Amino acid sequence: MTAKVFIDGAAGTTGLEIRDRLAGRPDIELLTIAEDRRKDPAARAEALNAADAVILCLPDDAAREAVSLIVNPTTRVIDASTAHRTSADWTYGFAELDPEQRAALAGATRISNPGCYPTGFLALVRPLVRAGLLPSDTPISTNAVSGYSGGGKSMIAMFEAPASPDATDTAFRAYALGLGHKHVPEMQKRAGLAHPPIFFPSVVKTYRGMLVEVPLHLHLLPGRPNGDAIRDVLRAAYEGSAVVRVADANPAFLTIEQAAGTDRLELFVYTDEQAGQARLIAALDNLGKGAAGAAVQNLNISLGLGETEGLKL
């Protein structure tokens with residue numbers, strides 16, 4: 001059986017990455033719209049309703065509009081925007097998040113793709129909250145750095161096009177300094193936290209890659225868990241996963257390119273047992289497991305195909 005798939009927003013950064021992962025697959029037929037009709041609502045509606053599955057790579061409002069155009073009850077939707085990530089009517093597209101998540105995705109017709117930063121954060125925090133090592137009311141902060149492709153075409157131009165009005169030569173830029181980043185509600189809800197985490201995002205002058213860090217005061221947690229206890233919980237949570245890997249040995253340093261160019265998610269636990277401190281770090285590609293890789297994984301699960309087909313592992 002060949003599944004018909006339409007990518008709405010296929011010309012964008014994430015859309016192109018998804019097309020690359022689906023290209024040449026005999027189990028997928030990509031539906032397209034002629035370039036001169038790409039913004040024609042009638043042409044879009046026709047493609048959206050003809051597809052077995054739709055992947056939306058659009059701004060939030062455009063994603064909501066696309067969903068409103070779908071009247072075919074069998075069309076499955078994977079939304080890569082922020083629009084539905086905390087909605088109770090959509091299934092959260094992080095297959096490894098909870099033991100029942102994969103089965104939920106297999107039966108879902110509306111799937112919200114996780115954000116790139118939340119993917120790293122949740123991979124580290126959610127298993128610890130679920131296991132009781134991290135009480136849900138623990139104050140949490142997370143520091144993260146991403147390649148500039150995470151900002152889409154406008155940010156890519158900022159770093160790559162000298163003629164851009166916003167062109168910059170900076171190597172590092174912290175942003176969302178007002179603390180109200182749009183990913184925070186997603187992080188809090190999907191981790192099961194009582195309070196929003198303090199989020200410190202930043203962007204550096206490299207195209208792709210991401211590191212997400214969660215520092216913990218282990219000496220303040222119940223039972224004062226050590227590094228081995230944390231690793232054991234994480235390993236149990238991701239046992240058998242082809243995508244998420246918990247490091248057995250920690251490298252002396254981590255670079256933003258650690259998992260760049262792949263759809264892997266790599267987790268590291270660094271501790272100072274004497275001080276009772278830990279640095280939990282997730283390495284991923286903001287365009288891989290943080291976007292396109294996750295969308296393809298969700299597509300595969302939703303359509304009953306091999307979960308890792310097309311992924312770069």
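Some notes on this structure:
Listed here are the residues, each with its yes/no results for (1) at pLDDT below 95; (2) in contact with a Leu (Cβ under 7 Å, 6 or more places away or on another chain); (3) among the aromatic types (Phe, Trp, Tyr); (4) farther than 30 Å from Gly223 by Cβ.
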{"residue": "Leu134", "(1), (2), (3), (4)": "no, yes, no, no"}
{"residue": "Met155", "(1), (2), (3), (4)": "yes, no, no, yes"}
{"residue": "Ala161", "(1), (2), (3), (4)": "yes, no, no, yes"}
{"residue": "Phe172", "(1), (2), (3), (4)": "yes, no, yes, yes"}
{"residue": "Ala191", "(1), (2), (3), (4)": "no, yes, no, no"}
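- Elements of type strands (runs of 3 or more DSSP E) in the range 186-288, at least 3 residues being within 20 Å of Phe94 (Cβ to Cβ): 210-217, 244-246, 265-272, 277-284
- Selected residue (criterion: nearest to the chain's Cα centre (by Cα)) from residues of the range 51-67 that are open to solvent by 50 Å² or more (accessible area, probe 1.4 Å) and free of Cβ contacts under 8 Å to residues at least 24 places away in the same chain: Pro59
- Residue that is most open to solvent (accessible area, probe 1.4 Å), among those in the range 242-280 that are closer than 23 Å to Leu134 by Cα and under 17 Å from the mean Cα position of the chain (by Cα): Arg245
- Residue match in the range 94-105 (condition: of a type in the set (Lys, Arg), within 28 Å of Asn298 (Cα to Cα) and in contact (Cβ under 8 Å) with a residue 40 or more places away in the chain): yes
- Looking only at the range 180-231, and only at residues there that are in contact (Cβ under 8 Å) with a residue 24 or more places away in the chain and among the polar types (S, T, N, Q), the one that is farthest from Leu280 (Cα to Cα): Thr206
- Output for the range 68-92, where each listed residue is among the aliphatic types (A, V, I, L, M), free of Cβ contacts under 8 Å to residues at least 40 places away in the same chain and within 22 Å of Glu17 (Cβ to Cβ): Val77, Ala83
- Thr2, sole failed condition from (1) closer than 20 Å to Pro185 by Cβ; (2) of a type in the set (S, T, N, Q); (3) exposed (fewer than 15 other Cβ atoms within 10 Å of the Cβ): (1)
One line per residue, one yes/no per condition, for (1) at pLDDT 95 or above; (2) surrounded by 15 or more Cβ atoms within 10 Å (Cβ to Cβ):
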position: Asp169; (1), (2): no, no
position: Pro185; (1), (2): yes, yes
position: Ile198; (1), (2): yes, no
position: Arg208; (1), (2): yes, yes
position: Leu218; (1), (2): yes, yes
position: Ala237; (1), (2): yes, yes
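- Scope the range 131-178; condition closer than 17 Å to Ala194 by Cα and part of a loop (DSSP other than H, G, I, E, B); matching residues: Gly132, Leu133, Leu134, Pro135, Ser136, Asp137, Thr138, Pro139, Ile140
- Cβ-Cβ under 6 Å pairs, at least 6 apart or on other chains, the range 24-37 side within 25 Å of Glu307 (Cβ to Cβ), far side modelled with pLDDT of 95 or more and of a type in the set (Lys, Arg): Glu29/Lys4; Leu31/Lys4
- For the range 124-143, residues that are hydrophobic (A, V, I, L, M, F, W, C) and open to solvent by 50 Å² or more (accessible area, probe 1.4 Å) total 1.
- Taking the range 92-122 as the range and being farther than 25 Å from Ser149 by Cβ, open to solvent by less than 30 Å² (accessible area, probe 1.4 Å) and either outside any helix (DSSP H, G or I) or modelled with pLDDT under 95 (or both) as the test, the residues that pass are Asp98, Ala108.
- Just one of the numbered conditions (1) open to solvent by 20 Å² or more (accessible area, probe 1.4 Å); (2) under 30 Å from Leu305 (Cα atoms); (3) at pLDDT 95 or above; (4) not hydrophobic (A, V, I, L, M, F, W, C) is not true of Gly150: (3).
- Taken over the range 6-50, the criterion of being β-branched (Val, Ile, Thr) and open to solvent by 80 Å² or more (accessible area, probe 1.4 Å) is satisfied by Thr32 alone.
The values are calculated or read from the model by the stated rules, or taken from the named source; none is laboratory data. Please read these numbers as outputs of a predicted model, since none were measured by experiment. Cβ sites come from the backbone with ideal geometry, for glycine too, and all protein chains shown count toward neighbours. Keep in mind that these areas ignore ligands, DNA and RNA; they rest on the heavy atoms of the full protein, side chains included. Shrake-Rupley method; radii C 1.70, N 1.55, O 1.52, S 1.80 Å.
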